[in-house]
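The values are calculated or read from the model by the stated rules, or taken from the named source; none is laboratory data. Note that this is a predicted model, so its numbers are computed, not measured. Areas reflect the complete protein model, heavy atoms only, side chains present, ligands, DNA and RNA absent. Shrake-Rupley method; radii C 1.70, N 1.55, O 1.52, S 1.80 Å.
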Amino acid sequence: TVEESGTRNSELPLATGSPETTVEPPDADEKTESEGELTPFAQNRGFDLVYGYMDEAGNVVIPPQYGSAEPFFACGLAIVGDTNGKLGLIDRTGEFVVSPEADFITYGDGVFIAQIYGEGTIARAYDENGEFLFEKPDYIYPFSDGLSRVYREDGSAGYIDKSGNMVLELPYKEFSIFLDGVARVSNKYGGPTILIDKQGNDLTDKL
């Protein structure tokens, strides 16, 4: 199971490409139960590759059916793509708990962010069970320390909580993620940084 590492909590979209090694285990007619590690594998289907999951013994647990597949997170969900390239979240039985409609999905601090592009950008947040949390008509940054940065069209900016509510609106132009209750902010892009706590207090000369 993939642990919640710094790589997975980065602001870059999670990769949705195929694993470097293609493994072709025997076909499976039915899904089987497995409590161990589930590993994505690829199988040729005509001119296409489809992806499924096998256990540590090489038994097919989730038959090949996806256009792309990521390893499972510790919470028991995995990011997979359909044959049209849209991403969603599945559980360990292979069932979608979040429909494949996203162009990319990020994960951090227990929250999945599904970014959807089209006539207007939409971002939807889901918890580790795939339950919908909130939606924003713009980009949502990955969460850290319970907060996510937000920049609004009206020029306001700050941090939102996991309900999507603005809990810390600040007059700065540039924001970093919170780590251990502290974040770096700046009055101008590329300018000197200030350390703040979750109440917005300046900690620069106190740490």
query: Counting only heavy atoms of protein chains, what accessible area per residue, in Å², does region 25-172 have with a probe of 1.4 Å?
result: 47 Å²
query: Ignoring ligands, DNA and RNA, what percent of the accessible area of region 74-181 is carbon or sulfur (1.4 Å)?
result: 45 percent
field: Average Cα contact separation per residue, region 82-173, under 8 Å, 6 or more apart, as relative contact order %
entry: 16 percent
